[in-house]
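The values are calculated or read from the model by the stated rules, or taken from the named source; none is laboratory data. These figures come from a predicted structure and were not determined experimentally. Cβ: placed from backbone, ideal geometry, glycine included. Neighbour counts: every protein chain shown.
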Amino acid sequence: MGNIYEKKIITVTTPLLPELQIFNKSLEHIWAHKWITNGGPLHQQLENALCEYLKIPYISLFTNGTLPLIIALQALRITGEVITTPYSFVATTHALWWNNITPVFVDIDPKTGNIDPDKIEAAITPHTSAIMPVHVYGNPCDTKRIQEIADAYGLKIIYDAAHAFGVEINGKSILAEGDLSTLSFHATKVYNTIEGGAMVMSDESTKKRIDNLKNFGITDETHVIAPGINSKMDEVRAAYGLLNLKQVDKAIDHRHNVVLRYREALRKVKGISFFDDLPGVKHNYAYFPIFVNEEEYGMNRDTLYFKMKEQNVWGRRYFYPLISTFTPYRGFDSARPEHLPNATRMAEQVICLPLHHLLTDEDVERILKLVVK
Ligand SMILES: *Cc1c(COP(=O)(O)O)cnc(C)c1O
């Protein structure tokens, strides 16, 4: 075995960064005007630009992608129990915990990794007030079925769309589904503002209410109408976000090409499966999860994962372990693995291969060599 230090480390992602010289120009502009936060002109500009890019009517920027989840639950006055997925980043369920809400985990559909709509109804109780699905890896949930169930039982829907930046179905934004959707602009996401996030809503009065809740509930100099929090995005990150928005399409194109090469090479590998594009969906290629079937592949996921790591190819086991196995949640009845067979299997089989805008052909072949046998 060669010296591992000879090999460049390939990480699962690398942040999309604006060109430093151009960002410096933005900083000079901010320094000259001295408006650095509290809904400044760049904040306004980024909201407008995102509405246009994402084809949505209203958006509210946040300081990260977790607070909009917490505030969405507050804004809709959700209480009691919320039906959600265990197959996500832990922030999804933490947002419920921070609102004193009991998560009710429902198993996923292995075809998408998303909550299985066929299993939602059985999880509804008199305490259920909402459904919080996740468009995991940017794969759209079955929004039509979920809406029908919500309508039949009088439930709200909040989509954790942290992975679904720019995802569309038949030319329509996935972010327009449900009552509210939230985005994360964290450094690891397909579009980033370093830390950052947003909430997407369909009407102006909701937008006003959300803007109020992210600024302490303050309406004017002498009025506070709600126990809001501070979750505003500052001007520096809004400037950074405006620059990144101009190059995100190019980054997604590059990711798409890598995904096409991955699929081509892995389609013939026995025991490795992955998602293909879904009909009518404009994907953002945020992640490339592969699933390792130990019997067919002849090696289990962790063996492959650590073999890659040893060769400085750092995939990530998104999402392993399942949220439902973590200490705060494992005591709930719905968290028992026997209720979540599909999620449990996916969590045990998944590796997200490196996928970002700076991967070279050489990197991709080096990664594939470790997986293709
Ligand atoms: C990244 C992520 C979040 C949280 O976003 P932050 O911006 O890191 O707070 C929430 N949900 C999911 C599914 C995520 O992947």
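Points to keep in mind about this one:
- Complete set of residues in region 58-76 that are more than 14 Å from the ligand (Cβ to nearest atom) and closer than 23 Å to residue 45 by Cβ: 58, 59, 60
- The residues of region 23-40 that are of a type in the set (A, V, I, L, M, F, W, C) and either outside the structural domain of residue 240 (by TED's automatic domain parsing) or under 28 Å from the mean Cα position of the chain (by Cα) (or both), listed by number, are 23, 36.
- Filter result (under 18 Å from the mean Cα position of the chain (by Cα) and part of a loop (DSSP other than H, G, I, E, B)) within region 247-277: 275, 277
- Among residues of region 134-169, those that are part of a helix (DSSP H, G or I) and either within 16 Å of the ligand (Cβ to nearest atom) or more than 19 Å from the chain's Cα centre (by Cα) (or both), counted: 12
- Some residue of region 95-111 being within 14 Å of the ligand (Cβ to nearest atom), at pLDDT 95 or above, under 17 Å from the mean Cα position of the chain (by Cα) and not in a strand (DSSP E or B): yes
- Those helices (runs of 4 or more DSSP H) of region 296-373 in which at least 3 residues are under 28 Å from residue 80 (Cα atoms), considering only elements entirely within it, cover 341-349.
- Single condition residue 131 does not satisfy, out of (1) crowded, with 21+ Cβ neighbours inside 10 Å; (2) away from the ligand (no atom under 16 Å from the Cβ); (3) in a strand (DSSP E or B): (2)
- Among the candidates 70, 83, 30, 56, the residue that is of a type in the set (A, V, I, L, M) and assigned to a loop (DSSP other than H, G, I, E, B) is uniquely 56.
- Where a residue in region 353-367 is over 17 Å from residue 307 (Cβ atoms) and its partner, wherever it lies, is among the hydroxyl-bearing types (Ser, Thr, Tyr) and surrounded by 22 or more Cβ atoms within 10 Å (Cβ to Cβ), with Cβ under 6 Å and at least six apart: 356/13
- Boolean, residue 248 is aliphatic (A, V, I, L, M), surrounded by 17 or more Cβ atoms within 10 Å (Cβ to Cβ) and farther than 21 Å from residue 184 by Cα: no
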